[in-house]
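Structure first, then comments.
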Amino acid sequence: RAARIGARLREGREVPDAESLSACRRCPLWGGATQAVPGEGPQDARLMVVGEQPGDREDLEGRPFVGPAGQLFDAVAARAGLDRRQAWVTNAVKHFKFAPRGKRRIHQAPNRGEIRHCRWWLDLEREQVKPELILAMGATAVESLTGDRAGLMARRGGVERTEDGVPVLITVHPSYLLRLPASERVAAEALFEADLRRAVEMLG
Ligand code: URA
């Protein structure tokens, strides 16, 4: 069914929406999540921002980057002159993966197979939006877009390419900044801001 929907989306040049993503059974993550979280933004955005997967809040609200990591991203992006509303904001994996612990749902990183299966959707989004630049935030996005997640810290701030040649600016995930001790957070946030500023400059 998802393949049929994919073919229809390709023909119709529509970006995958919540309904089509919800029919996806390529990996088991759909079973635990509340809903699939589609990307959002202008379909002709020049910049695509890619995170890891929806978090707890995103899973409940059905929108990407609306929880704590998204709020931090918005704040730093604003300082860097990057207007989120002009970007296509999405995730490498569209369903929330978690382990239940009492009443809480603890985030779990998607594995290689889940990332690979969901790349089918990300590729479809890339085909429709055709961004000039992709900002890959964190190892999962970097793996999905470049095929290799190793050595993120050495690669961050650099520009690589997708298989089909689209530039990918590599940076850390805002959740990583949220986990840092206060003593390290200021410097790390400044580096993140510099990466976002580079994205703005690259787009001219
Ligand atoms: N973290 C992500 O990677 N994406 C979201 O949408 C929210 C948190």
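Figures for the structure shown
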read-out	value
Single condition Arg185 does not satisfy, out of (1) surrounded by 12 or more Cβ atoms within 10 Å (Cβ to Cβ); (2) touching a residue at least 12 places away in the same chain (Cβ under 8 Å)	(2)
Test for Arg149: is it among the charged types (D, E, K, R), at pLDDT 95 or above, in a loop (DSSP other than H, G, I, E, B) and surrounded by 15 or more Cβ atoms within 10 Å (Cβ to Cβ)	yes
Filter result (free of Cβ contacts under 8 Å to residues at least 12 places away in the same chain and surrounded by 13 or more Cβ atoms within 10 Å (Cβ to Cβ)) within segment 169-182	Leu180
Gln43 vs. criteria buried (at least 17 other Cβ atoms within 10 Å of the Cβ) and either closer than 23 Å to Ser144 by Cα or among the charged types (D, E, K, R) (or both)	no
Per-region count, segment 164-186, residues among the hydrophobic types (A, V, I, L, M, F, W, C) and over 17 Å from Ala154 (Cβ atoms)	6
Helices (runs of 4 or more DSSP H) enclosed by segment 1-114 - at least 3 residues per element that are under 25 Å from Leu177 (Cβ atoms) and more than 13 Å from the ligand (Cβ to nearest atom)	68-80
Some residue of segment 120-140 being free of Cβ contacts under 8 Å to residues at least 12 places away in the same chain, assigned to a helix (DSSP H, G or I) and closer than 22 Å to Leu21 by Cβ	yes
Unique match (being more than 18 Å from the chain's Cα centre (by Cα) and within 14 Å of the ligand (Cβ to nearest atom)) among Arg179, Arg185	Arg179
Flag if Ala154 is surrounded by fewer than 17 Cβ atoms within 10 Å (Cβ to Cβ) and either among the aliphatic types (A, V, I, L, M) or farther than 26 Å from Gln108 by Cα (or both)	yes
Pair list, Cβ < 8 Å and 6+ apart or interchain, from segment 41-66 residues that are under 22 Å from Pro100 (Cβ atoms) to residues that are modelled with pLDDT under 95	Gly62/Ala18
Looking only at segment 119-142, and only at residues there that are in contact with a strand residue (DSSP E or B) (Cβ under 9 Å, 6 or more places away or on another chain) and within 13 Å of the ligand (Cβ to nearest atom), the one that is farthest from Gly204 (Cα to Cα)	Thr140
Near pairs, Cβ below 8 angstrom, 6+ apart or cross-chain, from segment 152-166 (under 19 Å from Glu52 (Cβ atoms)) to any residue that is of a type in the set (A, V, I, L, M) and part of a loop (DSSP other than H, G, I, E, B)	Leu152/Val172; Met153/Val172; Arg156/Val172
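This table checks each residue for (1) out of contact with any strand residue (DSSP E or B) (no Cβ under 7 Å at 6 or more places or on another chain); (2) basic (Lys, Arg); (3) exposed (fewer than 13 other Cβ atoms within 10 Å of the Cβ).
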{"site": "Glu19", "(1), (2), (3)": "yes, no, yes"}
{"site": "Ala23", "(1), (2), (3)": "yes, no, no"}
{"site": "Met48", "(1), (2), (3)": "no, no, no"}
{"site": "Val66", "(1), (2), (3)": "yes, no, no"}
{"site": "Ala77", "(1), (2), (3)": "yes, no, no"}
{"site": "Ala92", "(1), (2), (3)": "no, no, no"}
{"site": "His107", "(1), (2), (3)": "no, no, no"}
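The values are calculated or read from the model by the stated rules, or taken from the named source; none is laboratory data. For clarity, every value in this text was computed on a predicted model and none was experimentally measured. All Cβ positions, even for glycine, are placed from backbone atoms using ideal geometry, and neighbour counts span all protein chains on display.
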